[in-house]
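Remarks on the structure that follows.
The values are calculated or read from the model by the stated rules, or taken from the named source; none is laboratory data. For clarity, every value in this text was computed on a predicted model and none was experimentally measured. Heads up, the Cβs are rebuilt from the backbone with ideal geometry, glycines too, and the neighbour counts pull from every protein chain shown.
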Amino acid sequence: MLTRNQLLAGATAVAVLSMFGPAGAQAPIKIGELNSYKMFPAFLEPYKKGIELAVEEVNAAGGALGRKIEIVSRDDNGNPGDAVRVAEELLSREQVSFLIGTFPSHVGLAVADFAKQRKVLFIAAEPLTDKLVWDAGNAYTFRLRTSTYMQTAMLIPDAAKLKKKRWAIVYPNYEYGQSATAAFKKLLKEKQPDVEFVVEQAPPLGKIDAGAVAQALADAKPDAIFSSLFGADLAKFVREGQTRGLFKGVEVFNLLAGEPEYLDPLKEEAPVGWYVTGYPWSEIKTPEHTKFLAAYQAKFKDYPRLGSVVGYATVMSAVETIKKAGSLDQAKLIAAASGLKLMTPFGMIEFRPIDHQSTMGAYVGRIGVKDGKGYMKDWRFVDGKVALPTDAEVLKMRPKN
Amino acid sequence: MTFASIIIQLLNGLAAAASLFLVSAGLSLIFGVTRIVNFAHGSLYMLGLYGAYTLIQALGRTPLGFWSAVVLAALLVGLAGVLIEVLVLRRIYRAPELFQLLATFAVVLVIKDIALFVWGAEDLVGPRAPGLSMAVEILGKRIPAYDLLLIAIGPVVLGVMWLLLTRTRWGALVRAATQDREMVGALGVDQAKLFTSVFFVGSVLAGLGGALQIPREPANLDLDLAVIADAFVITVVGGLGSIGGAFLAAIIIGVAKAFCIGIGTVTWFGFEISFSKLTLVVEFLIMAVVLVARPYGLLGKPQALQRLAADPAPPLTAPSWKIALVWVVLLLAVPLVADRYVTILLTDIVCFALFAVSLHFIMGPAGMVSFGHAAYFGLGAYAAGLLFKSAGLPMEAALLLAPLCAGAFAVVYGWFCVRLSGVYLAMLTLAFAQISWSVVFQWDSLTGGSNGVFGIWPSAWLADKTTYYYLALACCGTGIALLWRVLFSPFGFVLRAGRDSPLRAEAIGIDLRGFQWAAFVLVGALAGLAGSVYAFSKGSISPSTISIGQSTDGLIMVLLGGVETLTGPVAGAAIYTWLRDVVARHTDFWRAVMGGVILLIVLLFPQGLVGGLKALFLRWKEQRA
């Protein structure tokens, strides 16, 4: 009986509140946010701080449509079933205007499909899967983060320039690793038709047998390695590979390995010379980033990680969408988000009308070690626009309606 | 593979086996004596890594600092184990079988959040072992010197354990308690002290296994669940309570994994087979094969007939029609008075209630514990999704056909499972669940791989959440009613006879296995129905519906409500789902709070919530009389 009474009490409270609560101009605009906070805390704790910073700045500047904004966050447990449930809760009980967030690909895809069903706007923050905007794209879903395909494409020029023939590949065995590998093989083959992929290892996520994998790669005698490992898997692979001499005379490309979340734990063992995508936060001197960095450090007494930028930019995208729409009507919000341009710590981005992917770029560089810490050297910023396939290809992949 | 790579991969496998062996040996020891399925053993391993990391920083990166940190970390983890035993488990030894699993599950949640709070979210990469950071060249290939040390540590620990168990009085007591702990108690041995000491030694082994990994593995928050499944598999493959068996099993599994990686991708008859991807599931494949061939593991002996620690389960009482009717009316009325979200949450609860009741049916009255019940839930969900989306059936047809598919899998899996008993049976169900999971996870073209299947929404007339809730209520309510009805039919009585006294049941001519097999198929189909209803309520399904997590959730629901009661699982499903929803909304450290609440329930109501309330009610009635 406890359950029902409590539920009813809760329901009644909500009903009463919505009757007497301050409707109209004074009530904040609520935006629903869901993410796998307990599943991926290393990325999502800084992400949440980024959100807090953005909310503070937006409200200090007067909010949107004359109202303050409020982010209502929920933990989706890294599980699509739970994610759909909390999304329902955000929409029906919290009465949020629309949804933002999510981290793993399968949760992002499930929420995107849910948004389509409920006909609400969903701005996916972090899921990297290409399917989110292409094969499984829909009118209601937008994606902020530079996708797997884009980040892979950003590494291709360097990879092709080296003219290495024998490539070894290692990736975590799930959507992100699989599509990174597929994109890399396809794109490199186009640039360099004589390339050979001599060995492929797909360890389970979080459970790599690094010694055996490093040995298997070394046995194939590759000239270069493409890896999309991250987190604990990456740290184990780096250590075993170094001890076993796997990386001697071999060029290594690793998606995401320059992100502070994954680079910093490696400390003095950060693998020098690797080509990576990441976030050299201390060296970016653009005005928009300098402002973000100063505000972030003042508020949290800590440096931002990539997650911080993603959280911050997600909220900013949501707010700019509301401002541009001038209303909270779903049709207007979606029309506004399509083609929306806004400033982020990584510069101007646009949510492309053609596939709802933002043109947020990423930093590409090589890993160096200084004062016992890894950092990105020789980095350059690559605009997301140049790393996307042609419009014709996108239209072919994306469902029509 | 060349000869040199074969040798190197063999060494890699042996090195990986060392830590696994230590953890599994501890688990095996604890299970043998206390009969506790210690879910928190992986958490102790994780604490070993974190502890070693912190201690090495404090004691310095010298050989002395490193090794004293490792030993100290292991001992501290041992004390943590003692704390768990004294504060929690000691109070519930007489609770129904497996109830302690619930307590250790709560401990896992609490430890995870404590670790997050103390050590933060970032992975902590420990230092290399001082003096052993280099590689040794063998046959022209390099292997870390530390790995060679690990390979040596395994047999050393095995030897020490063997001496402890065979040459000391403590060892004799442990062996005696493993065989017959009632008798040990009757002979005047202080069981409490014995159990505490066993917990200490088991936990030290887990902590040592973790601490020794620090040069090979960053301390991170996913280690607990990553290692616990492996440890269970090794313990069972080796044979419960057999340390030597655990050693053998650890080596077999470690080496098998290394060779899967070493072989990589091969082409046979035009088919490309990636052995590297097989590492996802190889330990469960090995376990399935071993258990089918040797029902007590490699070196295990048939379990001695256990005298029950707890009283045998009381007979179930059939629910009264009046109360059931009141509940049905109440549930039907909810959407009229409550907000939309209550209906949505209740739809979840209704699905999980049928899932929990079907699990209860098999583990309670039928006496066959299933650790892999999510297999049928998830396969039902996938069958529904695929029949609808790929086969193009109408949603209603898919919904109703899916349980048959889940049942068909239960026909196959059940046939093997009913040949075993006890924990071996439970682990075989887990093996089948994990094999199903890995196939679903890998078969991109059919199941969508790790992304799952999406776009499976109900037909227009069911799209409204209230209507769908009524549909869920009708489907799952019917399923629950059917299962409960069956329990009081001759079929149900046969199952209970089989649980309480298999010998006598067979002596009066009952084909027990046949009935148990039928029970498997029945609950498989109904769990599939729950999954199918769940899938259409979410619009998408992913492999997590077949995962260990889903199976564990089911166990938690049943145990929380009370495995010896009829309505307990329904109450457990409702409370667990509702708690998770509420707690997660109000605190960042929701896992620790959940764990705390479950621990509280465990300590206050050792028969589960419904069981406890029933006991209170009976006592109250007696006092009045």
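Below, the figures for the structure above:
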read-out	value
Residue ranges of helices (runs of 4 or more DSSP H) in the range A:222-328 with at least 3 members surrounded by fewer than 23 Cβ atoms within 10 Å (Cβ to Cβ) and of a type outside the set (D, E)	A:287-300, A:306-325
Only one of B:I480, B:I508, B:I456 that is touching a Lys or Arg at 6+ places or on another chain (Cβ under 8 Å) and modelled with pLDDT of 90 or more	B:I456
Qualifying residue in the range A:196-219 (condition: assigned to a loop (DSSP other than H, G, I, E, B), in contact with a strand residue (DSSP E or B) (Cβ under 6 Å, 6 or more places away or on another chain) and either in contact (Cβ under 8 Å) with a residue 24 or more places away in the chain or within 11 Å of chain B (Cβ to nearest Cβ) (or both))	no
Selected residue [within 27 Å of A:D302 (Cβ to Cβ), buried (at least 24 other Cβ atoms within 10 Å of the Cβ) and within 14 Å of another protein chain (Cβ to nearest Cβ)] from A:F103, A:F122	A:F103
Odd one out for A:Y275, checked against (1) modelled with pLDDT of 95 or more; (2) within 7 Å of another protein chain (Cβ to nearest Cβ)	(2)
Boolean, B:L330 is among the hydrophobic types (A, V, I, L, M, F, W, C) and in contact (Cβ under 8 Å) with a residue 12 or more places away in the chain	no
Selection status of B:V486, within 28 Å of the chain's Cα centre (by Cα) and either more than 21 Å from B:A426 (Cα to Cα) or not assigned by TED's automatic domain parsing to the domain that holds B:M368 (or both)	yes
For A:P127: the one exception among (1) at the interface with chain B (Cβ under 8 Å from one of its Cβ atoms); (2) assigned to a loop (DSSP other than H, G, I, E, B); (3) not hydrophobic (A, V, I, L, M, F, W, C)	(1)
Count of the range B:181-214 residues which are touching a strand residue (DSSP E or B) at 6+ places or on another chain (Cβ under 9 Å) and surrounded by fewer than 24 Cβ atoms within 10 Å (Cβ to Cβ)	0
Enumeration of residues in the range B:12-59 that are surrounded by fewer than 24 Cβ atoms within 10 Å (Cβ to Cβ) and within 14 Å of chain A (Cβ to nearest Cβ)	B:L14, B:Y53, B:Q57
Some residue of the range B:425-447 being in contact with an Asp or Glu (Cβ under 7 Å, 6 or more places away or on another chain) and outside any helix (DSSP H, G or I)	no
Hey, B:R499 farther than 19 Å from A:D76 by Cβ and among the charged types (D, E, K, R) or not	yes
Single residue of B:L158, B:L109, B:L116, B:L148 found to be under 30 Å from B:Q9 (Cα atoms) and within 12 Å of another protein chain (Cβ to nearest Cβ)	B:L148
Residues of the range A:140-167 satisfying the condition of being of a type in the set (A, V, I, L, M, F, W, C) and surrounded by fewer than 22 Cβ atoms within 10 Å (Cβ to Cβ)	A:A153, A:I156, A:A160, A:L162
Any chance A:S73 is assigned by TED's automatic domain parsing to the domain that holds A:Y312, modelled with pLDDT of 90 or more, in a loop (DSSP other than H, G, I, E, B) and of a type in the set (G, A, S)	no
Hits in the range B:215-240 - residues which are farther than 20 Å from B:D123 by Cβ and surrounded by fewer than 23 Cβ atoms within 10 Å (Cβ to Cβ)	B:A229
Positions within the range B:119-131 being touching a residue at least 24 places away in the same chain (Cβ under 8 Å) and within 10 Å of chain A (Cβ to nearest Cβ), in sequence order	B:A121, B:D123, B:L124, B:V125, B:G126, B:P127, B:R128
Residue check for B:E85: in contact with a helix residue (DSSP H, G or I) (Cβ under 7 Å, 6 or more places away or on another chain) and within 14 Å of chain A (Cβ to nearest Cβ)	no
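For (1) modelled with pLDDT under 95; (2) of a type in the set (A, V, I, L, M, F, W, C), each residue gets a yes or a no:
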position	(1), (2)
B:L325	yes, yes
B:L332	yes, yes
B:D339	yes, no
B:L354	no, yes
B:S390	yes, no
